[in-house]
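What follows is a set of notes on a single structure, which appears directly below.
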Amino acid sequence: MPSQEEKLEQIDQIVHQIIDDWYERVKENYVTEEDSRELGVEPEVKCFHDSGNHRLKFSREKELDVTYGLGVKRKNERLVVEASVNNKSEGFDYGAFVNKLKSHYWRSRNEKPWTDPDFDHFTYQDLLPFEPLMGQSVTLDMRKERADIIRLSFEVNPHHEDLLLRRKDVLRDLIENYCVAPLKRIYAESYREL
């Protein structure tokens, strides 16, 4: 049985790969760091990886400046997946954005999206409940002269850690489609409303 540190490392590898694959999917639509050297312009998409924290930054002058983050950490001996978005846009309605996030997750937490017999009886909430509670797991860190950060924290249910780590394809799908995709979609909708 893997230790908590080994489990943390395995999940970190999954979130690292999610960000890398996202970068690969979008890079042809943006100026990459490699392109920027040839073109003599600033890159529009960049990938950053630190231990436990992986980010994808999109930047177009006067049009787009957002960084999405995905990471995993230990908190009170529990494994927590954290999805985040950094916002520098003035006039962004954080209250409405956070309410849309909470509303989405309140509705979707009881969905059972899997057809696989090992998982078809689980809801999203069974596998990745909010940490500690939904109302407290969506946080806003407002910082002067830096980007504000909205974070979502999901606890990997300790009763299902081993099952999820045996089925990394399901764990990856869970993180990508439950933790990241709604955050991206709701942020993009809110950003367009500026």
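The values are calculated or read from the model by the stated rules, or taken from the named source; none is laboratory data. Source: prediction; values computed, not measured. Cβ: placed from backbone, ideal geometry, glycine included. Neighbour counts: every protein chain shown.
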Of all residues in the stretch 57-100 being of a type in the set (Lys, Arg) and under 16 Å from residue 150 (Cα atoms), the one that is surrounded by the fewest Cβ atoms within 10 Å (Cβ to Cβ)
88
Condition check: farther than 20 Å from residue 66 by Cβ and touching a residue at least 40 places away in the same chain (Cβ under 8 Å). Does residue 152 satisfy that?
no
Residue list for the stretch 18-39, filter: closer than 19 Å to residue 173 by Cα and touching a strand residue (DSSP E or B) at 6+ places or on another chain (Cβ under 9 Å)
18, 19, 20, 22, 23, 26
Within the stretch 40-63, of all residues that are without any contact (Cβ under 8 Å) to a residue 24 or more places away in the chain and among the aliphatic types (A, V, I, L, M), the one farthest from residue 174 (Cα to Cα) is 41
Kindly provide the set of residues from the stretch 21-38 that are among the aromatic types (Phe, Trp, Tyr) and not in a helix (DSSP H, G or I), ordered by number.
30
Considering only residues that are among the hydrophobic types (A, V, I, L, M, F, W, C) and without any contact (Cβ under 8 Å) to a residue 60 or more places away in the chain, look in the stretch 94-114 and name the one that is nearest to residue 188 (Cα to Cα).
98
Taking residue 144 as meeting all but one of (1) closer than 30 Å to residue 63 by Cα; (2) surrounded by 12 or more Cβ atoms within 10 Å (Cβ to Cβ); (3) not polar (S, T, N, Q), write down the number of the exception.
(2)
Per the list (1) more than 13 Å from the chain's Cα centre (by Cα); (2) assigned to a helix (DSSP H, G or I); (3) under 22 Å from residue 166 (Cβ atoms); (4) not polar (S, T, N, Q), residue check on residue 18 breaks on (1)
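Results for (1) touching a helix residue (DSSP H, G or I) at 6+ places or on another chain (Cβ under 9 Å); (2) farther than 15 Å from residue 154 by Cβ, shown as yes or no for each residue.
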site	(1), (2)
30	no, yes
35	yes, yes
52	yes, no
66	yes, yes
81	yes, no
84	yes, no
92	yes, yes
98	no, yes
Looking only at residues that are of a type in the set (Gly, Ala, Ser) and under 15 Å from the mean Cα position of the chain (by Cα) in the stretch 52-69, which one is modelled with the highest pLDDT?
69
Subset of the stretch 26-54, residues closer than 24 Å to residue 164 by Cβ and surrounded by fewer than 18 Cβ atoms within 10 Å (Cβ to Cβ), comes to 49, 50, 51, 52
Are there any pairs with C-beta distances below 6 angstrom linking a residue in the stretch 124-135 that is modelled with pLDDT of 80 or more to a residue that is outside any helix (DSSP H, G or I) and buried (at least 20 other Cβ atoms within 10 Å of the Cβ), with the two at least 6 apart or on different chains, and if so which?
128/154
